[in-house]
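Structure record follows, encoded as structure tokens.
Derivation of every value follows stated rules applied to the coordinates shown; laboratory data play no part. All values derive from a computational prediction rather than experimental measurement. In this analysis, Cβ positions are derived from the backbone assuming ideal geometry, glycine residues included, and neighbour counts consider all displayed protein chains.
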């Protein structure tokens, strides 16, 4: 029976290429969407992402945002500080846990989010839909969702080992 390194030697090259393509695509899309949001609204892409999470998460806490976006709690707290300073969200005492705050959108944040959403959707549509059929994008989304779940499961297993 071939050893593990022999079984995976060839796919590793393809996996590295896939990794490279995913990272470069993410960077290019991030830069394009962020440039659009900065030009049209003077905000960064993290502001949009945070407003989205806050809007759909009841009793949203910093930890909830960090978990959903796969980023650190410390980094999340700093961005929430900036979003709050911009007037798009507000923190209030968490009645169920004095150690955390509940984050909610302000009226300004609620007005801004649909505009940001439309701009992001437009930018992504123009960059992703041009060369790939919708069916392929749906399949890619499903595949990436499964891959992320697998990676997270592996991380959880490593932490518990």
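Going by average Cβ neighbours within 10 Å, how do the peptides 146-155, 48-57 rank, with the highest at the top?
48-57, 146-155
Which of these values of P(r) over Cα pairs in 10 Å bins from 0, in percent was calculated from the structure shown: (i) 11, 45, 38, 5; (ii) 11, 42, 34, 12, 1, 0; (iii) 9, 28, 32, 21, 8, 2, 0?
(iii)
Using a Gaussian network for the chain with springs between C-alpha atoms less than 10 Å apart, which of these wobbles most: 94, 31, 14?
Looking only at 94, 31, 14, the biggest GNM fluctuation is shown by 14.
Among 77, 92, which comes first, second and so on when ranked by fewest other beta-carbon atoms within 10 Å?
Ranking 77, 92 by Cβ neighbours within 10 Å, fewest first, gives 92, 77.
For a footprinting-style exposure proxy, rank 40, 97, 64 by other Cβ within 10 Å, fewest first.
97, 40, 64
In what order do 65, 71 fall by count of nearby beta-carbon atoms within 10 Å, going from fewest to most?
Neighbour counts put them in this order, fewest first: 71, 65.
Could you state the angle between the C-alpha long axis of helix 73-85 and the longest principal axis of the C-alpha atoms of the chain, as a value from 0 to 90 degrees rounded to the nearest 10?
40
If each DSSP helix of 4+ residues adds -39,500 (n - 2.57) and the sum is divided by the residues in the chain, what number results at 222 nm, nearest 500 deg cm²/dmol?
Value at 222 nm, helices only: -25500 deg cm²/dmol.
Report, in whole Å, the centroid distance computed from the Cα atoms of segment 133-157 and segment 65-92.
26
Return the single residue from 47, 120, 138 with maximal mean-square fluctuation; model: Gaussian network over the chain, springs between Cα atoms under 10 Å.
In this elastic network of the chain, the residue with the biggest mean-square fluctuation among 47, 120, 138 is 138.
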